[in-house]
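Engineer: Mind having a look at this structure? Questions to follow.
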Amino acid sequence: MKNQIFGKLSSSLAILLLALLSGCAGSPKSAPSGTLFNVRESGAVGDGKTKDTAAIQAALDRCAAAGGGTVFIPAGDYLSGSLDVKSRTTLVLEKGATLVGSPDLDDYPIVKARWEGHWIDAHRALVSARQANHIAIVGPGTIAGDLTLGSRQMPRRPCVIEPIECQDVRLEGFTAKQKRMWTIHPTYCENVVVKNITIRSIGGNSDGVDVDSCKHVVIEGCDIESGDDCIAIKSGRGMEAVREGRPTEDVLIRDCAFSDNIFACIGIGSETSGGIRGVRIERCAFKQARTYAIYIKSRPGRGAFIEDISGNNLDVQTATNGFLRINLLNSGLQDTEPVLGDAGIPTAKNFRFTNIRVNCGTLVNAVAISPVKPLDGLSLVNITGTCAKGITLANITHADVHGIHVTGFNGPLLGMNNVSGNGLEGAVAIPPTTAGPPVVPATGSNTVGRSGGGMPARDAQ
């Protein structure tokens, strides 16, 4: 009897410690740490065969009814459909605990979610939160989406974790797994921390973290191996996003390791119609980039802006196509309701990359920029290593290129057309970049799955 009491006490103390850790400085203001809800006490089995959706959701609902607290998932394999996390809740996965997504699509209700720039009908995420504040999901356990559900079929398939219109969100210290679908997708959120997470996603369309029209985001200490972009920064597509006017801004990515198998390690765009500003990338290792380590992308018809993008102290260990590509002319799908005229050409300014160590294909490819709206400000400073080709630039003002010490390249180190600034001596001329044809609305595949459009009306509080 003493051993049983001591065991229960030790377990409670462990849960309390995890809850207290989830409320450390820099985290969201999570729920009162003394209010604990063990999913086993709500009937969860954790055998990997029995569906524990109802039991886990019951624990989450009890936590919300109590004004918040900690929901604890002990070691075991918990088969579950979509779960709804509410305000002031901390979800803790113990070491050895795995939340496994159900293979049945009916276990993921249809809701409105953003997908490739539009609000559409979508299956709700395995772990979902909507208009919830002060929430946290902490490890060291695992959350794994079902590997058979991922695809581009409509309604959109479930992400692993998807907070929508939430404030003070912390995701820390667990492993997330996914196949052929986005893994973590915060949308319209503010004050988001994604810290010390391991992501393993495989197959096309399997992004690691998609930051979609969010403010004040920190992604740090993460190890991401993805089938598609490791991190994608987005803000919607076409006039729908322009009308909503929700930029992604103030994003810090630091001390992370990236490896992707299809596209870029960090993609900024091409869904940029709400605007993107203030993205900083610091002290990151790009272990393998299938195309580019960093790809900044958009097209006429998006409108809005991409500004104040910086990278400092980066190790680009392998990047097949190159370190940096800037393509503002023809990336991504054209919208069915694009921004017309010169207003539809994205405004780009203040890109700065310093103290970069590379082993890559092309060092920098930045020629796909409209002459109607040149990029205002590109700094490439203190770049060392090896590359197959040098730097090509077009339609840029206030360029600053110096401290480039690379070897192994064929052809000129610097080629340019319609570029002004400093450090451009000795550059060879390259053919001009044209503005391209006028923007016309697209038809066809980029409307698949669209229903209604627009952000759903905010629920009454």
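Engineer: Would you check which residues across the range 234-270 are within 18 Å of residue 205 (Cα to Cα), in contact with a Cys (Cβ under 6 Å, 6 or more places away or on another chain) and in a strand (DSSP E or B) and list them?
Structural biologist: Once the filter is applied, which keeps residues that are within 18 Å of residue 205 (Cα to Cα), in contact with a Cys (Cβ under 6 Å, 6 or more places away or on another chain) and in a strand (DSSP E or B), the range 234-270 yields 258, 260.
Engineer: Here's another thing I want to ask about it. Can you pull out every residue in the range 153-183 that is hydrophobic (A, V, I, L, M, F, W, C) and within 18 Å of residue 73 (Cβ to Cβ)?
Structural biologist: Residues satisfying the conditions are 160, 161, 171, 174, 176.
Engineer: I'm trying to understand the selection: among the residues of the range 365-387, which are farther than 17 Å from residue 300 by Cβ and surrounded by 24 or more Cβ atoms within 10 Å (Cβ to Cβ)?
Structural biologist: If the condition is that a residue be farther than 17 Å from residue 300 by Cβ and surrounded by 24 or more Cβ atoms within 10 Å (Cβ to Cβ), then 378, 380, 383, 387 are the ones that fit.
Engineer: With under 20 Å from residue 353 (Cβ atoms), out of contact with any Gly (no Cβ under 6 Å at 6 or more places or on another chain) and of a type outside the set (A, V, I, L, M, F, W, C) as the only criterion, which of 208, 269 stands out?
Structural biologist: 269
Engineer: Within the bounds of the range 352-371, is there any residue that is among the hydrophobic types (A, V, I, L, M, F, W, C), under 24 Å from residue 208 (Cβ atoms) and part of a loop (DSSP other than H, G, I, E, B)?
Structural biologist: No.
Engineer: Sticking with this structure for a sec: For the range 324-351, which residues satisfy the criterion of being of a type in the set (A, V, I, L, M, F, W, C), under 19 Å from residue 367 (Cβ atoms) and in a loop (DSSP other than H, G, I, E, B)?
Structural biologist: Hits for the range 324-351 are 328, 329, 345.
Engineer: While we're looking at this one, here's another question. Which count do you get for residues in the range 59-93 that are under 25 Å from the mean Cα position of the chain (by Cα) and either among the acidic types (Asp, Glu) or not in a strand (DSSP E or B) (or both)?
Structural biologist: 7
Engineer: Taking the condition within 23 Å of residue 294 (Cβ to Cβ) and either touching a residue at least 40 places away in the same chain (Cβ under 8 Å) or in a loop (DSSP other than H, G, I, E, B) (or both), does residue 395 pass?
Structural biologist: Here the answer is no, as residue 395 does not meet what is asked.
Engineer: Give me the pairs, please: first residue somewhere in the range 412-437 and more than 19 Å from residue 299 (Cα to Cα), second residue anywhere and of a type in the set (Lys, Arg) and surrounded by 13 or more Cβ atoms within 10 Å (Cβ to Cβ), beta-carbon distance under 7 Å, and either six or more positions apart or on two chains.
Structural biologist: none
Engineer: Quick one: how many residues across the range 121-173 are closer than 24 Å to residue 88 by Cβ, assigned to a loop (DSSP other than H, G, I, E, B), in contact (Cβ under 8 Å) with a residue 60 or more places away in the chain and of a type in the set (A, V, I, L, M, F, W, C)?
Structural biologist: Selection size over the range 121-173: 1.
Engineer: Related question: Applying the selection to the range 230-279, what residues are of a type in the set (Phe, Trp, Tyr) and buried (at least 24 other Cβ atoms within 10 Å of the Cβ)?
Structural biologist: Matches in the range 230-279: 258 only.
Engineer: Report whether or not residue 152 is farther than 14 Å from residue 211 by Cα and modelled with pLDDT under 95.
Structural biologist: So residue 152 passes the test.
Engineer: Mind checking which residues of the range 300-340 are at positive phi and within 20 Å of the chain's Cα centre (by Cα)?
Structural biologist: Once the filter is applied, which keeps residues that are at positive phi and within 20 Å of the chain's Cα centre (by Cα), the range 300-340 yields 304, 308, 332.
Engineer: Going residue by residue through the range 393-401, is there one that turns out to be surrounded by fewer than 20 Cβ atoms within 10 Å (Cβ to Cβ) and out of contact with any Leu (no Cβ under 8 Å at 6 or more places or on another chain)?
Structural biologist: No, because not a single residue in the range 393-401 is surrounded by fewer than 20 Cβ atoms within 10 Å (Cβ to Cβ) and out of contact with any Leu (no Cβ under 8 Å at 6 or more places or on another chain).
Engineer: A further question follows. With the structure loaded, tell me whether residue 187 is more than 18 Å from residue 311 (Cα to Cα) and surrounded by fewer than 23 Cβ atoms within 10 Å (Cβ to Cβ) or whether it fails that test.
Structural biologist: For residue 187, the condition - more than 18 Å from residue 311 (Cα to Cα) and surrounded by fewer than 23 Cβ atoms within 10 Å (Cβ to Cβ) - is not met.
Engineer: Run residue 420 past the list (1) of a type in the set (Gly, Ala, Ser); (2) exposed (fewer than 14 other Cβ atoms within 10 Å of the Cβ); (3) outside any strand (DSSP E or B) and report the number of the one that doesn't hold.
Structural biologist: Looking at each condition in turn, residue 420 falls short on (3).
Engineer: While we're looking at this one, here's another question. Would you be able to say whether some residue in the range 276-289 is closer than 25 Å to residue 442 by Cα and either modelled with pLDDT under 95 or part of a strand (DSSP E or B) (or both)?
Structural biologist: yes
Engineer: Further, regarding this structure: If we scan the range 61-82, do we find a residue that is hydroxyl-bearing (Ser, Thr, Tyr), under 30 Å from residue 271 (Cα atoms), surrounded by fewer than 22 Cβ atoms within 10 Å (Cβ to Cβ) and at pLDDT 95 or above?
Structural biologist: yes
Engineer: Which of the strands (runs of 3 or more DSSP E) contained wholly in the range 193-232 include at least 1 residues that are closer than 23 Å to residue 131 by Cα and at pLDDT below 95?
Structural biologist: In the range 193-232, no matching strands (runs of 3 or more DSSP E) lie anywhere.
The values are calculated or read from the model by the stated rules, or taken from the named source; none is laboratory data. Just so it is clear, the structure is predicted and the values come from calculations on it, not from any experiment. Note: ideal-geometry Cβ built from the backbone for every residue, glycine included; neighbour counts use all protein chains shown.
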